[in-house]
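Where a number appears in this text, it was derived from the coordinates with a stated rule and is not lab data. This one's a predicted model, so the numbers in the text were calculated from it and none came from an experiment. Cβ placement follows ideal geometry from the backbone for every residue including glycine, while neighbour counts extend to all protein chains displayed.
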Amino acid sequence: MIILYVILGLIAFLLLAAAILPGKYLIEKSIIIQRPAAEIYNKVANLNYYKEWNPWQKQDPGALATVSGEPGHIGHKYHWNGKKVGEGHLVIRSTAPGKAVNFDLQFLKPWKAQAMDAWDFTETADGTKTVWRNTGDLPFPMARLMGPYLNKQLNKQFEEGLQSLKEVCEK
């Protein structure tokens, strides 16, 4: 009977922790790239370049990727399917050529989830400040419990992705 109470107490604790943790996440990273904003915008808004710098493609180089639609325009789509990265797609939702591009991100496998990517490009005296933001929901209870780990991993991957984008743009 004590084991049952311990198990019920653990479940109650986890549910309470999930209720307290945030229901959304936001990752925002930036980097200065020594290229014009329009050039960097084109590397991001043209998803044919995505595999050259995105950190997830590097984790699963055998993943299949399909690009469709007109680069830099609403509806331009990158679909992936791989053993490590699962399956999903990234679709341009809105653009301000040379200044910003926003994507809808949908994960299909190993679990379903949705998020939004937003990119801003601002020319400064030091180069182009490139900002990459990602936001999404953390459904109750499991995703909320995994939220701190997800934030840690995404922060690292966004830093890697921005550094790779910088290298691609500046070569």
Report summary line: Here, Ala125 and Leu15, labelled 7 Å along Cα→Cβ, have an inter-label distance in nm of 5.9 nm
Requested in this report: Mind ranking 40-47, 5-12 by how tightly packed they are, going by the mean number of other C-beta atoms within 10 angstrom, highest first?
Outcome: 40-47, 5-12
Query - Peptide ranges 15-28, 150-163 listed from the most packed, as the mean C-beta count within 10 angstrom indicates - result: 150-163, 15-28
Query - Mean separation of Cα contacts under 8 Å (6+ apart) over length of region 106-162, as relative contact order % - result: 23 percent
Requested in this report: Enter the angle in degrees (range 0 to 90, nearest 10) between the Cα long axis of helix 142-170 and the first principal axis of the Cα atoms of the chain, meaning the one along which they spread out most.
Outcome: 20 degrees
Query raised in the report: Please state the relative contact order of the chain as a whole percent: Cα pairs under 8 Å, 6+ residues apart?
Result: 30 percent
Report summary line: Per the C-alpha gyration tensor (a ≥ b ≥ c, the square roots of its eigenvalues), region 22-82 is rounded if a/c is under 1.5, else prolate if a/b beats b/c, else oblate; here it's rounded
**Report entry** Rounded tilt (10° steps) of 2-20 against the dominant C-alpha axis of the chain
**Finding:** 30 degrees
Query raised in the report: By a straight-distance test (C-alpha under 22 Å), which lysines pair with Lys99 as possible cross-link partners, with residues fewer than eight away in the same chain excluded?
Result: Lys29, Lys43, Lys51, Lys77, Lys129, Lys166, Lys171
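For the peptides 118-131, 62-75, what is the packing order when you average, over each peptide's residues, the other Cβ atoms within 10 Å and list the highest mean first? Mind dumping the intermediate values first?
On the way: 118-131: 16.1, 62-75: 13.1.
Result, highest mean Cβ count within 10 Å first: 118-131, 62-75.
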Query - 16 Å reach of a label modelled at Gln59, 7 Å along Cα-to-Cβ, counting backbone N of region 149-169 - result: 149-164
**Report entry** Cβ-placed point charges (K, R +1; D, E -1), dipole of region 1-115 about Cα centre in debye, nearest 20
**Finding:** 80 debye
